[in-house]
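Rule-based calculations on the coordinates, nothing more; no lab input. All values derive from a computational prediction rather than experimental measurement. Every residue, glycine as well, gets a Cβ built from its backbone with ideal geometry; the counts of neighbours run over all protein chains shown.
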Amino acid sequence: MIVVFILYLVVLIGIVAWSARRSKTNIDFVIGGKKISGYSLALSERATGESAWLLLGLTGHAYAEGMAAIWVAFGCVAGIL
């Protein structure tokens, strides 16, 4: 198990080093060199915005409130669509 973790860290550091050489400035890093399509950017924003509260907040709400919390999930999906 520790070998897999160390291999993961080595690969991750390699990706960081490779991408750091491609970015010229901080702004270039943040906006991806203006090479990210609008569709990819929108998917990334939705995934980032939904992941934390959906995994932590909604599960805690469901634990506290029970099945009534399912309406929060339906409302979220309806709001995104």
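Computed values, structure above
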{"item": "Distance (nanometres) between label positions extended 7 Å along Cα→Cβ at I15 and V77", "result": "2.9 nm"}
{"item": "Computed helical MRE - 222 nm, the chain, DSSP H runs ≥ 4 contributing -39500 (n - 2.57), nearest 500", "result": "-23500 deg cm²/dmol"}
{"item": "Reduced Cα scattering model of the chain, Debye log10 I(q)/I(0), q = 0.15, 0.23, 0.26 Å⁻¹", "result": "-0.83, -1.03, -1.16"}
{"item": "Pairwise FRET efficiency - V3 versus T48, Cβ, R0 = 22 Å, nearest 0.05", "result": "0.10"}
